[in-house]
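Engineer: Pasting a structure here, questions to come.
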Amino acid sequence: MIRVAIAEGQQLVRWALKEALAKASSEIEVVGDAGTVEETIAMVRDARPDVLVVDPTMHDHAGFDLLAQIRQLETGPVVVLTPHTEPSYAARAIAAGAHGCVSTTEPPDRLLEAIRAVNRGEQFLPQGVAELIATGTGHPASSLTARELQVMEMLARGMTNREIALDLDISIKTVDTHRGHVLKKLGLRNNSELTRFAVKHGYVAV
């Protein structure tokens, strides 16, 4: 029996996943579900699932922060479920600590394959991802620091400099400095181009 937990911000999607997985295979048992980062951390600690299926775009955190937190809990492998189809997104998910990645555009059987694969200790990689990881080109914004990447993702989600400053507990001037570095390093001219870049490469959801 594979004990599976689900972390998904949208309640209806979370319910559908629970129902689908519970009915899809007698070898899978859904042992928990969560809709926020805080709930996910608590669930993982309590339920200790064999495999965690997670949507890394939950609204109360930026990017792959959740994967980094989960990695510190020494729990089972993680399968990222995402609407993004670009190999670069999956490559970054793997680099951040995921063991598998499945696009929501793929057939449901692919998620079952991923769960079984990571439970066996294997990686489950979409086509083209292994090549990106091997060549080190899976991170289009690899020149950014962790804080610059965080600021970029927040700006792309429509947050103002003041909101970012409050959220990160830094000054507005510091936020603007990080923004300037992001634009310069990525060769972008303004927030509109920054947002298009972030969406194209899967740093934020549409």
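Computed from the coordinates by the stated procedures, all read-outs in this text should not be read as laboratory data. Computed from a prediction, not measured in an experiment: that's the story for all the values here. When we count neighbours, we look across all protein chains shown, and the Cβ atoms used for this are built from the backbone with ideal geometry, even at glycine.
Engineer: For Ser171 and Thr104, FRET efficiency with R0 = 45 Å and r from the beta-carbon atoms, rounded to 0.05?
Structural biologist: Computed FRET efficiency for Thr104 and Ser171: 0.70.
Engineer: Something else about it: How are the C-alpha pair distances of region 146-200 spread across 10 Å bins, as whole percents from the shortest bin up?
Structural biologist: Pair shares across the bins are 27, 61, 12.
Engineer: Lysines within cross-link reach of Lys184: Cα-Cα under 26 Å, excluding same-chain residues under 8 positions apart?
Structural biologist: Lys173, Lys200
Engineer: For Kirkwood radius over Cα pairs in Å, one of (1) 17.7; (2) 16.9; (3) 20.2 was computed from the structure I shared and the rest are decoys. Which label?
Structural biologist: Correct label is (1).
Engineer: Continuing with this model, one more query. Report the GluC sites (Glu not before Pro) located in region 20-116 that are in a DSSP loop and have at most 14 other Cβ atoms inside 10 Å of their Cβ, or state none.
Structural biologist: Numbers: sites: Glu27, Glu29, Glu38, Glu39, Glu74, Glu113; in loops: Glu27, Glu74.
Here the GluC sites (Glu not before Pro) that fit, given the DSSP loop and packing criteria, are Glu27, Glu74.
Engineer: Also, I was wondering about something else. Cβ under 12 Å from Thr104's Cβ, Thr104 left aside: what net charge do those residues give with Lys, Arg +1 and Asp, Glu -1?
Structural biologist: With Lys, Arg at +1 and Asp, Glu at -1, the net is -2.
Engineer: Net charge near Lys18, counting Lys/Arg +1 and Asp/Glu -1 over other residues with Cβ under 10 Å of its Cβ?
Structural biologist: Summing Lys/Arg as +1 and Asp/Glu as -1 gives -1.
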